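Reading through the structure tokens given below for one structure.
The values are calculated or read from the model by the stated rules, or taken from the named source; none is laboratory data. Just so we're clear, the structure is a prediction, and the values are computed from it rather than from any experiment. In this analysis, Cβ positions are derived from the backbone assuming ideal geometry, glycine residues included, and neighbour counts consider all displayed protein chains.
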Amino acid sequence: MAWNPTQTTLVNLRNAIAASQTTSVQIVQQYLDRIERYNPQLNAFTQIFADQALQRAQRIDTGDLAGPLAGIPIAIKDNMCTPYGRTTCSSRILENFAAPYTATAVEKLEAAGAIVLGKTNLDEFAMGSSTEHSAFGTTRNPWSTDHVPGGSSGGSAVAVAADLAPGALGSDTGGSIRQPAALCGVVGLKPTYGRVSRYGLVAFASSLDQIGPFAHTVGDVALLLEVLCGPDPLDSTSVDAPAGPFHANLDQPVDGLRLGLPNQYLSDANHPSVAGAIDEAVEVFRGLGAQIVEVDLPHTEYGIATYYIVATAEASSNLARYDGVRYGRRADDTADMIDLYCRSRSQGFGDEVKRRIMLGTYALSSGYYDAYYLRALKVRRLIKQDFDGAFEKFDAILCPTSTGPAFKIGEKTSNPLAMYLNDIYTATANLAGIPGISIPAGHTKSHNGDPKLPVSIQFLGPLFGEARLLRIARMYEAATNHHLARPELAQAD
């Protein structure tokens, strides 16, 4: 059987190009062919840069461009600025916005030789957990197109899961990398806040947002993270922390590994397949000589309430700039400036974005600031202290990424609270600023016509502890075969 570059890993592709076993043009063309075949059904990509990608691949093959990711195709979530194409955030208010500069994370990938295939769909302004809140249509899960892929980085997760790209970038504000990675059966990493520059990432909640990678394996994610990390003078929140090595030491097990198993994440509300995945992971690590000890994170129950006050308050402030005056959608035939603001924002923003702006504005209003926003900041500190105390005793925390597998499209759109609870196991990591990685951990059992859907587990680590966190995730990956599974795709009619 001929080698198929769209059915392997990013690291294998890199090595094959370096060894002249294939060319970047051949790889890019095969991914573009696959996108043309399957994207109409999945709606993972909203923009494809085919000509640009092939031209860049030719430069790689002739030696004009080089780097640790030379020739590797990558998908980019469409809330990261690029001077080519549009940067829409899947919103009508920015549907024709052409950014004048490149996001630092994208710039670093391109400097390393990577090739941007296109931009991926997301919940509008990254506000959602299902990629149903997009002005450009719902993205569908490749394991079952009747189900959501998670969100808000659903397009990037699907691009990797369906082998439309070997790697992708997403952003994680309350779980928007890890949750769709879990629901699509791929690896997704949220780095420590400040580890990766946010310059050029369209802001949702500035104290929570963080860019991170998707891929099929821990090794692929580690390689991408090495390229993405580093301080940036254009982002005052970026931190000058050592950028690895993450990939070179990946297969070195963590000696004397101690994992905390948080009581608050072992809810009876978890789907049986999720509970089974955690039980299996505990047995795997015990077999590898690790100690697994239950740990108490007492303020976890306040995580969702805290997150949805802090995040919406910051969103209210950040989205105030979209007023129809300087750039973005402008309503026609308005009576005055107030009418221009109101109609431009009303026409440009979707329902979920409007809901969050109103929630955040309410929380910041003079009569409720102390009762909501200030109190949320205090609880955020307590949540961080819970994690700080846990990491004095444990190398990492093992827990579910989500309470269950992917749900059906439309199942939760009429109940915002039910949708928000999808972030219950992910949002606390953003509040604390710590890194987290979601990795595949099996599938649901298929019966009575129900589809087989991915389930995943999550590892959380201390601030700037990505190197050890990746090694721990790799220990599990090496002892199981869950990451090898691929969905069977049907071509659209």
**Request:** Of the numbered conditions (1) more than 27 Å from Phe246 (Cα to Cα); (2) buried (at least 16 other Cβ atoms within 10 Å of the Cβ); (3) in contact with a strand residue (DSSP E or B) (Cβ under 6 Å, 6 or more places away or on another chain); (4) not small (Gly, Ala, Ser), Lys408 fails exactly one; give the number of that condition.
**Result:** (2)
**Message:** Restricting to the stretch 405-457, name every residue that is under 30 Å from Leu469 (Cα atoms) and hydroxyl-bearing (Ser, Thr, Tyr).
**Reply:** Tyr420, Tyr425, Thr426, Thr428, Ser438, Thr444, Ser456
**Complete:** When restricted to Asp279, Asp240, Asp235, the only residue within 24 Å of the chain's Cα centre (by Cα), loosely packed, with under 15 Cβ neighbours inside 10 Å and in the same structural domain as Phe97 (by TED's automatic domain parsing) is Asp240
**Item:** In the stretch 179-194, residue surrounded by the most Cβ atoms within 10 Å (Cβ to Cβ) [restricted to those that are part of a loop (DSSP other than H, G, I, E, B) and either in contact with a Ser or Thr (Cβ under 8 Å, 6 or more places away or on another chain) or small (Gly, Ala, Ser) (or both)]
**Value:** Gly185
**Item:** Residue, nearest to the chain's Cα centre (by Cα), within the stretch 295-305, restricted to residues that are assigned to a helix (DSSP H, G or I) and surrounded by fewer than 24 Cβ atoms within 10 Å (Cβ to Cβ)
**Value:** Ile304
**Message:** Given the criterion among the hydrophobic types (A, V, I, L, M, F, W, C) and under 30 Å from Asn249 (Cα atoms), identify the matching residue among Ala418, Ala406, Ala427.
**Reply:** Ala427
**helices (runs of 4 or more DSSP H) wholly inside the stretch 342-450 that include at least 1 residues being among the hydroxyl-bearing types (Ser, Thr, Tyr) and either out of contact with any helix residue (DSSP H, G or I) (no Cβ under 7 Å at 6 or more places or on another chain) or outside the structural domain of Ser317 (by TED's automatic domain parsing) (or both)** = 351-364, 416-420, 427-432
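Ala311 - would you say it is closer than 26 Å to Ala406 by Cα, outside the structural domain of Ala432 (by TED's automatic domain parsing) and small (Gly, Ala, Ser)?
Here the answer is yes, as Ala311 does meet what is asked.
Between Glu488, Glu477, which is of a type in the set (Asp, Glu), outside any strand (DSSP E or B) and within 13 Å of Val218 (Cα to Cα)?
One residue alone meets the criteria, Glu477.
It is to be established whether one or more residues within the stretch 85-100 are over 29 Å from Tyr199 (Cβ atoms), part of a loop (DSSP other than H, G, I, E, B) and assigned by TED's automatic domain parsing to the domain that holds Ser171. Reasoning before the result, please.
Filtering the stretch 85-100 down to residues over 29 Å from Tyr199 (Cβ atoms) leaves none.
No, because not a single residue in the stretch 85-100 is over 29 Å from Tyr199 (Cβ atoms), part of a loop (DSSP other than H, G, I, E, B) and assigned by TED's automatic domain parsing to the domain that holds Ser171.
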**Asked** Inside the stretch 142-166, can you point out the residues that are in contact (Cβ under 8 Å) with a residue 40 or more places away in the chain, crowded, with 24+ Cβ neighbours inside 10 Å and in a loop (DSSP other than H, G, I, E, B)?
**Response** Pro142, Trp143, Val148, Pro149, Gly150, Ser153, Ala162, Leu164, Ala165, Pro166
**Asked** So is Gly128 among the small types (Gly, Ala, Ser) and without any contact (Cβ under 8 Å) to a residue 12 or more places away in the chain or not?
**Response** no
